[in-house]
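Structure first, commentary second.
The values are calculated or read from the model by the stated rules, or taken from the named source; none is laboratory data. These numbers come from a predicted model, not from an experiment. Cβ atoms come from the backbone with ideal geometry, glycine included; neighbour counts cover every protein chain shown. Surface accessibility is based on the protein's heavy atoms, side chains included, excluding ligands, DNA and RNA. Shrake-Rupley method; radii C 1.70, N 1.55, O 1.52, S 1.80 Å.
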Amino acid sequence: MFVIELTYKVPLAQIDEYLESHVHFLSAHYGLGTFIASGRKVPRDGGVILATANDRKEVEAIIKQDPFYLHQLADYKITEFVVSKKAQHFTDSFFLL
């Protein structure tokens, strides 16, 4: 699994200009099963995406499709982790790649 942390490099007004296209990007990857959860950081200086992928290169390729990346609006930090414990209400398939 991967945690993708976005940190905005530009004022929120510029972020908001591309927010709709960013949401379409997110929706596409939710539809593919790649993204599990996402949201804004508090304070609103970026966001976080929880994702599944085969490897880091795949995550990097996905990020390059994000309008925030394409328009150089955010920096991205990718953290890979191995799930070793989970809440009971999550199915095992939720964490399988």
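Values for this structure:
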read-out	value
All positions within the range 40-59 that are assigned to a strand (DSSP E or B), at negative phi and open to solvent by less than 40 Å² (accessible area, probe 1.4 Å)	47, 49, 51
Pair list, Cβ < 6 Å and 6+ apart or interchain, from the range 64-89 residues that are surrounded by 11 or more Cβ atoms within 10 Å (Cβ to Cβ) to residues that are among the small types (Gly, Ala, Ser)	67/21; 68/74
Answer from 4, 62, 36 - the residue that is among the β-branched types (Val, Ile, Thr), in a helix (DSSP H, G or I) and under 12 Å from the mean Cα position of the chain (by Cα)	62
Tabulated pairs, the range 25-45, first of a type in the set (Asp, Glu), second open to solvent by less than 50 Å² (accessible area, probe 1.4 Å), C-beta under 6 angstrom, 6+ apart or interchain	45/8
